[in-house]
Every structure is written in C-alpha cells, then in structure tokens.
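The values are calculated or read from the model by the stated rules, or taken from the named source; none is laboratory data. Being a predicted model, the structure only gives us computed values, none of them experimental. Quick reminder, even Gly has a Cβ in these numbers, built from the backbone with ideal geometry, and neighbours come from all protein chains shown. Note: accessible area is taken over every heavy atom of the protein model, side chains too, but ligands, DNA and RNA are not part of it. Shrake-Rupley method; radii C 1.70, N 1.55, O 1.52, S 1.80 Å.
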Amino acid sequence: MSTRSSPYASGPLPPRGDRTSNEHNPLIRTSDRVESWLRRVLLVVLLAGLPVAGLVVGRTTYESSIQTVRTQSAERQQVGARVMSIAENVGQAVRERAQVRWADSSGAVRTATALLKPGMTEGATVRVWVDRDGTVTGPPLTKRQALTNGWFAGGITVIGVTAGVFLTRAGARLVLDRRRYARWDAEWDLVEPGWAGRFRR
C-alpha cells in the first residue's frame, strides 16, 4: 500500500496546543457535558460522602442507643415474682401470658400480667423486669444491642446512598437520552426531505 492511499498518512499530528479539547469539540453536545459533570459529582459523593454518611449515622444511632441503655438500666430492675395463674398459650412454643405477684422495695404486694417462657406452672418463681412505677416491662437495652443498632443504621445508610447515586445517574441519563432523541428526530425531520429527494431524480 502506498503512502498516498494509506488512511493514516494524513501528515504529522498538530502541536499539542492546537488540538481541539473535548470542552470545545463541536461534536460534544451540552447534554454530554451535563452528563459528564453529573457523573463526576456522583463519583465524589460515592467515594467521599458514602463513608462519611455511614459513619455519622451509625455513630449517632449508637450514641442514642447508649443513652437509652443508661436510662433503662437506671429505671428498670429485676424482681422475683410468683406465678399465680396461666392465662393462655399453655404448652405452646410461644410466650405465655400469666398473672404474677411480687413485693416491691417498700414491701407492697403487686400483681400484674407478664409474658413468660412456655412451660411455666402455677406457683413457680420467675424473674421479671419492672420500672420505677412497678409496671412489668422488658429488659433494658444492652450495649451489644446498641452497637448492633449503630452498625445496622450505618449499613442501611450506605445502601441507601449507593442506591440513590445509581438511581440518580440512571434517571438523569434517561432524561438526557429522551432530550437527545427528541433533538435527533427534529433535525432528521429537517434533513430527511432533502436527503430522500436525491433518490427521486
């Protein structure tokens, strides 16, 4: 193949300063520039904002849960109570509702309904959690549960931000593609009559 017929023999490359940059390339549409900048912003959000959001939400949730641990630990205590009667769910592998009786710190006898493990019998002694008012309640939140809450909230935040980034990119691309196709159809409506007329001659 001769040098003249080679598709690559178009002379030396122009100096670097004379080359057309993508910013001034007439073939690059405004929608292409918008999509490019949006992709960069979303990448920054994904790389920088994602771990920060996960840590902030996780730590905030953990600290809030730890405060709940301290409050509930100070307000709740376990007392020994006697099972007076089983109300329902006897013998089933679920919690049983039963009437229990105990004496509080002042010596007053209290009676309340509590959820117990299955298999309890009347007259048995159980440990139940009560608050300062003597109301039967659940056990206080533990530090391990507080830590689990923090990790769970942070993980959900990471998943949510990641999904939001990808959905934003997909939605923006869909909108931009619709606009590109609309412009393409409009330009083709102007060009097609003249183009088709060349074959009628």
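Points to keep in mind about this one:
- Each label was represented as a point 7 Å from its Cα along the Cα-to-Cβ direction; for residue 147 and residue 109 these points are 4.5 nm apart.
- Accessible surface of residue 106, taken over heavy atoms with a 1.4 Å probe and every protein chain present, rounds to 100 Å².
- Between residue 37 and residue 166, the C-beta separation translates, for a Förster distance of 22 Å, into a calculated FRET efficiency of about 0.80.
- With the simple model of a label 7 Å out from the Cα in the direction of the Cβ, residue 60 to residue 99 spans 4.8 nm.
- Compared with the direct C-alpha span, the chain from residue 50 to residue 131 gains 25.1 nm at full extension, assuming 0.36 nm per residue.
- Taking all protein chains together and rolling a 1.4 Å probe, residue 66 ends up with roughly 20 Å² accessible.
- Computed magnitude of the charge dipole of segment 111-183 (debye, nearest 20; Cβ of K, R +1, Cβ of D, E -1): 860 debye
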